[in-house]
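A short worksheet on the structure shown next.
The values are calculated or read from the model by the stated rules, or taken from the named source; none is laboratory data. Since we're looking at a predicted model, the values are computed, not measured. Note: ideal-geometry Cβ built from the backbone for every residue, glycine included; neighbour counts use all protein chains shown. All accessible areas refer to the heavy atoms of the entire protein, side chains included, with ligands and DNA or RNA removed. Shrake-Rupley method; radii C 1.70, N 1.55, O 1.52, S 1.80 Å.
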Amino acid sequence: MGIRTSEEAPFTLISQQGDIQIRQYPAIVVAETEVEANYASSGSIGFNRLAGYIFGNNIQNQKMAMTTPVFRENAGEKMDMTAPVFQQAVDNKWLMSFVMPSGYDLTNLPTPLDKQVVLKETPTKKVAVLRYSGSLTVERIAEQSQILSDWLTEHHYRQLSKPRSAAFDPPWTLPALRRNEIHIEIE
């Protein structure tokens, strides 16, 4: 069924109305990849690429290696999975990103061996969020994105980004128990 045990990206709740929240996020470090494929294929390709990075397809940061004794068979550093996993349509591609676990920043993260995995820090931002359950399909994401966008327009918020899908549960979680969100940056 799936039980949420992953560390989640931190935020401050500013306000809430039903399933819609306004949140303030601090700067967050993510591992990101761009996939040129349809939604279903991009999800699998992107997830495998990013999971490979956090599960050891990387080179340990040299500064950290000199100060921290590490004894392991595999030189790659393994990190915990976090939530959510973000996906966003950009032109005819999909961007997928994993939030990096707390304690990591751009100076101490291991270097990805896959050149299609990019590490970056997202800036502090205010985000409108619509929470929903069910399966993640491109149609469902579009439907929920429109609901959030319409609510923002009705409440006079200026939208600063395209909608982003946020998934919190493993794929074997029953759809009715899944926590999904749509995020739109606002002013």
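For the stretch 86-187, what % of the accessible area comes from carbon and sulfur atoms, probe 1.4 Å? Answer for the stretch 86-187 is 54 percent, counting heavy atoms of protein chains only.
Calculated FRET efficiency, Thr124 and Asp80, Cβ-Cβ r, R0 25 Å, to nearest 0.05? Please list the in-between numbers first.
Working: r = 24 Å, r/R0 = 0.94.
In this case the efficiency is close to 0.60.
FRET efficiency for the pair Leu177 and Asp150, taken as 1/(1 + (r/R0)^6) with r the Cβ-Cβ distance and R0 = 22 Å, rounds to 0.25.
Can you show me the helix-derived [θ] at 222 nm for the chain, built from DSSP H runs with n ≥ 4 at -39,500 (n - 2.57) apiece and divided by the number of residues, rounded to the nearest 500. Spell out each step's value before the answer.
Numbers: 3 runs with 39 residues, N = 187.
The helix-only estimate for the chain comes to -6500 deg cm²/dmol at 222 nm.
Keeping every protein chain in place, order Phe55, Phe86 by accessible area at 1.4 Å, biggest value first, i.e. largest first.
On the way: Phe55 110, Phe86 25 Å².
Largest to smallest exposure gives the sequence Phe55, Phe86.
Give the shape of the stretch 1-40 as rounded, prolate or oblate, defined through the alpha-carbon gyration tensor: a ≥ b ≥ c are the square roots of its eigenvalues, a/c under 1.5 means rounded, and otherwise the shape is prolate if a/b is larger than b/c and oblate if not. The partial results should precede the final answer.
Details: a/c = 1.67, a/b = 1.51, b/c = 1.11.
Judged from the Cα gyration tensor, the stretch 1-40 comes out prolate (a/c at least 1.5, a/b above b/c).
For the chain, the number of Lys pairs separated by eight or more positions or lying on different chains, with C-alpha atoms closer than 21 Å, is 11.
So between Thr5 and Glu187, what do we pick up on full extension, going 0.36 nm a residue minus the alpha carbon distance? Mind dumping the intermediate values first?
Working: separation 182, 0.36 × 182 = 65.52 nm, distance 3.17 nm.
Computed gain between Thr5 and Glu187 is 62.4 nm.
Computed with a 1.4 Å probe over protein heavy atoms only, the accessible surface of the chain comes to 55 Å² per residue. When His183, His155 are compared by accessible area of protein heavy atoms, the largest-first order is His155, His183, using a 1.4 Å probe.
When only C-alpha pairs under 8 Å and at least 6 residues apart count, what is the relative contact order of the chain, in percent? Value for the chain: 29 percent. With the simple model of a label 7 Å out from the Cα in the direction of the Cβ, Gln16 to Asn92 spans 4.2 nm. The orientation-averaged projected area of the convex hull spanned by the Cα atoms of the chain comes to 11.4 nm².
Taking other residues whose beta carbon is less than 11 angstrom from the beta carbon of Phe86, and scoring Lys, Arg as +1 and Asp, Glu as -1, yields -1.
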